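Comments concern the structure below.
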Amino acid sequence: MSRIILICLLSFLTLGASQNGSVTVYVSQDQVFSEPILKDFEKETGIKVKALYDSEESKSTGVMNRLLAEKRNPQADIYWANEPIRAEILRNRGILAPYKSPNAKGIDKVFKSSDNTWCGFSARVRLFIVHKDAIMKPYSVMDYANSALEGKGVIANPLFGTSTSHISALFTYLGEKTAKAFMKKMKINNIAISTSNGESADFVASGKYDFALVDSDDAISRLRSGKPVEFIYPDQKDRQMGVFVVPNAVMLIKGAKHSTNAKKLFDYLLSRDTEAKLAKADCAQIPLHKGVEGPKELKSISDLRVMQVDYAQVAKEMVKIQPYLKDWLAK
Amino acid sequence: MSQKLFSWIVFTIIFFICVSPVAVMVIEAIGKEDILIQLLHSKESLDSFFNSLILSVFVSFMTTLIGTLVGLILGKTNISLKKAILFLMLIPLLLPPYILALGWVDMLGVVGFFSELLFGFLGVSLVLFTLYLPIPVLFVLFYLKHINPHLEEAAYIYCDKKYVLSRVTIPLILPSIILSFLLVFILSFGEYSVANVLRYSVFPLESFVQFSAFYNFDGAIMMAMPMLLIALFVLFIEQFYLEKRIFKYKSFDYIHIFKLENNQKIYIVAIMIFCAFFMVVVPFWGLFSKIGSVDIFLIAFVKCLDSLLHSLLFASVSATILTFFAFIAAYIVYSKVFLVSKLIDMSLIFLFIVPSTVLGIALILFWNRPWIDFVYTSVLIVFFGYFAKYLFLGSKLIQHRFTQMPYSMVEAAMIFGADWKKILKYIFLPASYKVLGVVFIVFYIFILRENTITMLVYPPGYETLPVYIVTQMANGKEEIIAALCIIMTLSALIPFLLAMMLFRKKERA
């Protein structure tokens, strides 16, 4: 009896060790949205998915850091990031393996790496959530520095999440000097800082602030729950910079232990079906494949003026401006 | 095998699995002090450090003050509904700390006057106060049993109640008051999930973010150092002041009770029920009101079934193994084997007071190596985390049981030539059956509610329910998260209630 108990205990302690017929995926996309997709993949292929999800506490970068830690001894096969900047950081660190998925065909090359180490799919856009009672409304990101809107706006902490990516994209697009001048004016204009895009959206929904730059899924969720808000795509006029697009990104890990299954999951995530599912889900992501039906509240990518940036450049800028952003916040 | 050799083997296991990761972390930190200075120069880090310090002092002061009062009322007066009040106050301690915070958020919302109070120092203090109040209460109740009632009765002949209380009772339970203050201080200093939900910047979160969001291991290690120093300070006080005054006395069959007037009893019970209701029932009401329907509850249950099963499996198996090791560790400490007993005792208490974030980071640093990756890639690493964090609790409880046993039984066995293994098996083990059951339940509940270590080290596909709830907080539906919190509460409360009923039934029998 005692031996049986001992064997049971030992077999419990080795749970989690690598298994054939499985694929290990690290996921930065919110679990509520990514888990159903991975479950469908399991059902359709019979391949067991072992997922490790990020939490809001780690500012959605915890699993990426685990990938960096495991570089010499990779445990993951696939990384599903909720934005492409991290993919670029991992590419620069030599953690990714190239893979040209047949399902990547039809996705604009702006949303793919040139060496096939990552590929974008289902995107969010950065837009303004605006309270319905707001008298003056913003139409450009530059309106954060508009004195007529002093104290009316809020933005998520630019040290974390998509706010960092967006500010880095602004630095790439505008150049350092102009971007810093804008940041300074924004500070003078008494723009509030929130802890997350979700909190920014809540502040606007409650009327505490008139507007906030958030991800489209944050705006849609408030709109769908009947909050008195609307949204505005910034910088859509001629010669304006356009809206910043944040696609998901999928990548294959170099040295993946289950590379065949990993490629199947890679293809699955890039499929039109997955994009359609993510469009219908509460995260309301905009498909990058043409012809896939998107969320009814949002315009398709082809109908938007998109900010033309090189994500590799944005990733480099993001690392570079971290000390500046810390200083900017502290002042 | 001699007792000494056995003791050293046990110490080596504990040291290798748990202490060496922290030691390696400290060694790696040597020479990188400039990183700490740089980090502490940042306004955010410095602010968060002072926030944590002020918060912990405030929470420990308030819980110790009110907890001692509540403990004295429950332990030394003749009020009714004592067990119901105590049970109500105990509930938050059985759950992951953030559940209470989420309950308050659901109750008060995210905007408005009350939520402004909730999201900040006051809200975090209230939740941590509710969470840790049972600690001084339980310590006082436990210690009151160790006061010789004749001392109080002798004083009572010449003095009034207040004088007896202030000059006899309280001085005798003072070590428990100090210990509970230190324990609450260290627990609230290391706790960050409540502050994270209520968006209040605290130091452990900074350390966690350094590792988790910036992957700055050097930064994370250095941010862990101040917390490690505070843990060492608490260890120092425990070892050199409290150790000789705690768990050494025999308990008495009865406690001297101060009899209160009927109207006094009604007032006191009413106040205590009101407070317990406000602190515990109101946030749970917030969660329940968010759920709305049984369907939501069922949907949440189906969604979390895998993680619930992982939680139950981790908790039951780990609690079983930990109970075994706690018994062994308690025996070695109790036997006072030269040096090794002290080393084990100090290691266990040190690991218990080291913040979970520090322990988690240390485990990853130590075990994430290609030649031993069977640990890092399996549930073993999670188990090592639990082993390090909670072995102390069980070991202390069992040690206390040993001190209550008549030593003459051991002496008699020795005279008849029984070796230490036989004494352990035929005297200590049978005498500890009841306490081993209690220890199993304590381990089970603490492991079930754990989320910090688990979140840092769990292998893919094996998340536990507390971790699942945290990951669902990112854009998950509020009603589903509320339902998950209730499922978590039930999975902790049901075994606890069953165990209580079982013990009561056995006591009656």
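Okay, which of the range A:222-250 sit inside 12 Å, backbone N to the point 7 Å along the Cα-Cβ direction of B:Glu478? Inside the label zone: A:222, A:225-227. Computed packing ranks the peptides B:55-63, A:222-230 as B:55-63, A:222-230, most packed first, by mean other Cβ atoms within 10 Å. Sorting the segments A:95-104, A:122-131 by their mean number of nearby beta carbons within 10 angstrom, highest to lowest, gives A:122-131, A:95-104. Site pair B:Ala84 and B:Ala509 shows an inter-label distance of 2.9 nm when each label is modelled 7 Å from Cα along Cα→Cβ.
Give me the compactness ratio for the range A:190-331, meaning the Cα radius of gyration over 2.2 N^0.38 Å. Working shown, then result.
Working: Rg = 18.0 Å, N = 142, 2.2 N^0.38 = 14.5 Å.
The value comes to 1.25.
Using the Cα centre of the range B:32-291 as origin and beta-carbon charges of +1 (Lys, Arg) and -1 (Asp, Glu), tell me which of B:Ser60, B:Leu172, B:Gly219 is placed farthest towards the positive end of the dipole. Final value for the positive-end residue is B:Leu172. Counting Cβ atoms of other protein chains within 10 Å of each residue's Cβ and taking the mean over peptide B:375-383 gives 5.
The magnitude of the dipole of chain B, with charges of +1 and -1 set on the Cβ of Lys/Arg and Asp/Glu and taken from the Cα centre, is near 1920 debye. For A:Ala97, the residues whose amide H sits under 5 Å from its own are A:Leu252, A:Ile253, A:Lys254, ignoring neighbours fewer than 5 places away on the same chain, with H placed 1.01 Å from N. If R0 equals 60 Å, the separation of the Cβ atoms of B:Lys4 and B:Glu116 corresponds to a calculated FRET efficiency of about 0.45. Please say if the range B:441-487 is rounded, prolate or oblate, where rounded means a/c under 1.5 for a ≥ b ≥ c the square roots of the C-alpha gyration tensor eigenvalues, and otherwise the choice is prolate for a/b larger than b/c and oblate otherwise? It is oblate, given that a/c is not under 1.5 and a/b is not larger than b/c. For the peptide B:461-472, the mean number of other protein chain Cβ atoms found within 10 angstrom of a residue's Cβ is 4. For chain A, the orientation-averaged shadow of the C-alpha convex hull comes to 19.3 nm² (one quarter of the hull surface). Calculated [222 nm] ellipticity per residue, helices only, for the protein assembly as shown: -19500 deg cm²/dmol; basis is -39500 (n - 2.57) per DSSP H run with n ≥ 4, divided by all residues, nearest 500.
Taking each residue of A:69-80 in turn, how many C-beta atoms of other protein chains fall within 10 Å of its C-beta, and what is the average?
Details: counts 7, 6, 0, 4, 7, 0, 6, 1, 1, 0, 0, 0.
If you average over the peptide's residues, the count of other-chain Cβ atoms is 3.
Simple spin-label estimate for B:Ala412 and B:Leu53 gives 5.7 nm between the two label positions (7 Å along the Cα-to-Cβ direction from each Cα). The calculated P(r) of the range B:32-291, using every Cα pair and 5 Å bins from 0, goes 1, 6, 11, 14, 15, 14, 12, 10, 7, 5, 3, 1, 0, 0 in percent.
Which whole-number percent gives the relative contact order of the range B:118-191, counting Cα pairs below 8 Å spaced six or more residues apart?
Computed over the range B:118-191, the figure is 41 percent.
Of B:Cys18, B:Cys485, B:Cys159, the sequence from fewest to most neighbouring Cβ atoms within 10 angstrom is B:Cys159, B:Cys18, B:Cys485.
Here the contact order of the range B:32-291, divided by its residue count and restricted to Cα pairs under 8 Å and six or more residues apart, works out to 37 percent.
From zero outward in steps of 20 Å, how is the percent of C-alpha pairs of the protein assembly as shown spread across the bins? Cα pair-distance distribution for the protein assembly as shown, in percent: 14, 46, 30, 9, 1.
Would you mind pulling out the separation of the Cα centroids of the range B:392-408 and the range B:65-136, in Å? So the two Cα centres are separated by 30 Å. The ranking of B:Arg369, B:Arg199 from fewest to most other beta carbons within 10 Å of each one's beta carbon is B:Arg369, B:Arg199.
Neighbours of A:Tyr268, meaning other residues whose beta-carbon lies under 9 angstrom from its beta-carbon, give a summed charge of -3 when Lys and Arg score +1 and Asp and Glu score -1.
The amide H of B:Thr377, built 1.01 Å from its N in the peptide plane, has no neighbour under 5 Å, considering only residues 5 or more places off or on other chains.
Sequence-ordered 3J(HN,Hα) estimates for the range B:468-476 from the Karplus curve with 6.51, -1.76 and 1.60 and θ = phi - 60° stand at 4, 4, 5, 6, 6, 4, 7, 6, x Hz, glycine and proline given as x.
Overall, the range B:32-291 carries a charge dipole of about 1020 debye about its Cα centre when +1 sits on the Cβ of Lys and Arg and -1 on the Cβ of Asp and Glu, all other atoms neutral.
As a length-normalised measure over Cα pairs under 8 Å and 6 or more apart, the relative contact order of chain A settles at 25 percent. The amide H of A:Ser194, built 1.01 Å from its N in the peptide plane, has A:Ile155, A:Ala156, A:Asn157 as neighbours under 5 Å, considering only residues 5 or more places off or on other chains. Summing charges over neighbours of A:Ala51, with a neighbour being any other residue whose Cβ is under 12 Å away from its Cβ, gives -3 when K and R count +1 and D and E count -1. Cβ crowding within 10 Å ranks A:Glu88, B:Glu507, B:Glu238, A:Glu42 as B:Glu507, A:Glu42, B:Glu238, A:Glu88, fewest other Cβ atoms first.
Annotation for A:Gln308 and B:Phe15: the two label points, set 7 Å from Cα along the Cα-Cβ direction, are 6.7 nm apart. Looking at chain A, the DSSP beta bridges with both ends there are about 60 percent antiparallel. Averaged over residues, the count of other Cβ atoms within 10 Å places the peptides B:326-335, A:168-177, B:104-113 in the sequence B:326-335, A:168-177, B:104-113, highest first.
Values quoted throughout were computed directly from the atomic coordinates according to the rules given, and no laboratory measurement underlies them. The model shown is predicted, which means the values in this text are computed figures rather than measured ones. Please note: Cβ atoms are built from the backbone with ideal geometry, for glycine as well, and neighbour counts cover all protein chains shown.
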